[in-house]
Amino acid sequence: MIEFNNVTKQYANGQVGLRNISLKIPLNQLVFITGHTGAGKTTAVKLMTLRHVPTAGQVIVSDTNLSELSRRNRSRYRRKIGAVFQDLPLLSDRSVSDNVAMPLLVDHSAPAKILPLVTTALETVGLRSKMDFKPTQLADGEIRRVNIARAIVHQPQLLIADEPTANMDPTQSTKVLNLFKRLAARKTTVVVATHDRDFFFDRRYPVIELREGQLADAMRR
Amino acid sequence: MLMSHLETFLFVVQQTPELTVFLSRDVEQRGALTVRQHIVELPEVESVRIIDPDEALNSFEEQTGHHVVANYVQDNPFPITVVIQPTRAHRYSQHYEQLSNYLYGLNFVELVHFDIEWVKKLSLIQDVARVLIWALATTLLFVAVFLICNATRQQVAERVDEIKVFNTLGASRRFICRRSVYTAFWQTVLIFIVTFIMVNGLLNHLRVPLAELTAGYDISIPTLQMQWTGWLTVVGAVLILKITTAKISVNAYLRMFEKEDA
Ligand SMILES: Nc1ncnc2c1ncn2[C@@H]1O[C@H](COP(=O)(O)OP(=O)(O)OP(=O)(O)O)[C@@H](O)[C@H]1O
Ligand SMILES: [Mg+2]
């Protein structure tokens, strides 16, 4: 269970990202976070991925209060989860496969395991043929998919994605959605922040709607 | 090392300042040897030379320009003379005063002569030279430190995107620093090789002219070749400087990211 207990996130400039919000996200399935622009989706994602700590309240993941982790454990937590961020670009001076391999390097994976895992991840997003390309040689939608490959390469138990399908055409974003569904079926917790309503129109997955930093309504199924 | 090279060079162009000690006229060769024994034992003395009266008369003529020989053919007024050359470290006026006081305290010593003006000038030259050398060395050191630090900082700055990605993906500080530290290490090795070749090439070029220059002055240049310990110190210092700078810059970026994300 991922829990937000009375979480407020106020930025250094006084802007409030989330305002006293409490919610529960069940594990091992796909969950959406939605809302208008500026509603606080990215703020919620960054709190769950430990890029931010809440100004007040607690973010609890599997009974661990993230604010209480030591620096070392905070890094460990970041290594274990998978994350697609809007503001974490690929490195333009290295190949697609080198970019995708970064979480494995950071986690000290055995060198022999790296190539197979990278290949698998790129295959999953349909970019195996472009392994040796530089990011500058890719289309926007392809770059987004490499981002997703980088987030899943180490097969994390928890995947948190912020607008993973921005700049993608409907065919592509449906493929990505199907990928997330497959991962969730394999007991991966997948939290997707998106304003792409096509994603959850069938209401088969929980949707958390934010509005101006607060819950638009309670969780529904 | 630089210091000793330049000082050596300075001494090449300087004359050697001596003290001349005139013994009492009734002192024989034996007495002179006793005096010499006393003087030789002093730490501030480099060499002692005994000059017999005839030689002393000639030497005096050379120094003063007076032609006295003719007047004293029969009766040489000069006693046995002892010429003292102080060591390099003791060529300041206060040393001359001390030495001269000590000499006056010895048996058989009649008169101690040295050119105080000349000694003072020499002291001054030495002082100025020393200050200049230190200033030069310090400036060079600061410039070198600045260049090294700046280059290292620049290299870390070029990696800033990578540092950001690694940090966000949960890399430990040690992991993030490692690449910069590797870079710093290999660059130091490279710098060392280049400097080693350059310095040795330069010294090889300079050896012949320096030898010619010093040939007439009975001065050797013992420390021209940089010692292994010297090289090791320099390489160690550069390595520590580069690695420390790399670590500090990486940590500065990590703190910046943390603040941005706070
Ligand atoms: N780093 C920051 N510093 C200051 N204010 C911020 C920062 N990040 C977000 N905010 C503010 O917090 C509020 C929520 O922003 P957030 O990025 O979470 O919205 P969002 O739902 O992700 O929007 P979008 O759909 O446009 O990505 C906004 O008012 C925004 O201006
Ligand atoms: Mg956002």
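The values are calculated or read from the model by the stated rules, or taken from the named source; none is laboratory data. Keep in mind that what you see is a predicted model, and the values were worked out from it rather than measured. Neighbour counts are summed over all protein chains in view; Cβ atoms, including those assigned to glycine, are modelled from backbone coordinates with ideal geometry. All accessible areas refer to the heavy atoms of the entire protein, side chains included, with ligands and DNA or RNA removed. Shrake-Rupley method; radii C 1.70, N 1.55, O 1.52, S 1.80 Å.
Once the partner protein chains are put back, the stretch A:73-110 shows a loss of at least 40 square angstrom of accessible area, versus the chain by itself, at A:ARG78, A:LEU88, A:LEU91, A:ARG94, A:MET102, A:VAL106, A:HIS108 (probe 1.4 Å, ligands and nucleic acids excluded).
Apply the membrane-span-like helix rule to chain A: whole DSSP H runs, Cα extent along the own long axis of at least 18 Å, mean Kyte-Doolittle hydropathy at least -0.5. List the helices found. Spell out each step's value before the answer.
Working: long enough: A:111-124 (20 Å, 0.79); A:140-152 (19 Å, -0.24); A:170-185 (22 Å, -0.07).
Once both thresholds are applied, what remains is A:111-124, A:140-152, A:170-185.
Given R₀ = 22 Å, what would the calculated FRET efficiency be for B:GLU110 paired with B:ASN58, taking r from the Cβ atoms and rounding to 0.05?
Values: r = 19 Å, r/R0 = 0.87.
Rounded to the nearest 0.05, the efficiency is 0.70.
The simple Förster model, with R0 at 45 Å and r as the Cβ-Cβ distance, assigns B:ILE197 and B:GLU18 a FRET efficiency of 0.55. Antiparallel beta bridges, as assigned by DSSP with both residues in the protein assembly as shown, represent about 65 percent of the total such bridges.
Given the C-alpha atoms of the stretch A:71-111, compute the convex hull and give its volume per residue in Å³. Working shown, then result.
Details: hull volume 3.9 nm³, N = 41.
Convex hull volume per residue, Cα atoms: 94 Å³.
At full extension, B:ASP127 and B:TYR102 could sit 6.5 nm farther apart than now, given 0.36 nm per residue minus the alpha carbon distance.
Taking all protein chains in place and a 1.4 Å probe, what share, in percent, of the accessible surface of the stretch A:81-176 do carbon and sulfur account for? Let's see the in-between values first.
Details: 2120 of 4110 Å².
On the stretch A:81-176, the fraction of accessible area on carbon and sulfur atoms equals 52 percent.
Spin-label model, A:LEU115/A:GLN15: points 7 Å from Cα along the beta carbon direction are separated by 4.5 nm.
Entry note, chain A: the mean residue ellipticity at 222 nm calculated from DSSP H runs of n ≥ 4, each adding -39500 (n - 2.57), is -10000 deg cm²/dmol after division by the residues and rounding to the nearest 500. Using the Cβ-Cβ distance between B:ASN251 and B:VAL145 with R0 set to 30 Å, the FRET efficiency from 1/(1 + (r/R0)^6) comes to roughly 0.95.
When DSSP beta bridges are restricted to pairs lying wholly in chain A, around 50% turn out antiparallel.
Once you have the Kirkwood Rh of the protein assembly as shown from its Cα pairs, apply Stokes-Einstein at 20 °C and 1.002 mPa s and quote D in µm²/s. Answer, rounded: 72 µm²/s. Between B and A, roughly 1700 Å² of accessible area is buried in total, ligands, DNA and RNA not counted and the probe set to 1.4 Å.
The contact residues of the stretch B:160-199, meaning those that lose at least 50 Å² of 1.4 Å-probe accessible area when all protein chains sit together rather than their chain alone, are B:VAL165, B:PHE166, B:THR168, B:LEU169, B:GLY170, B:PHE175.
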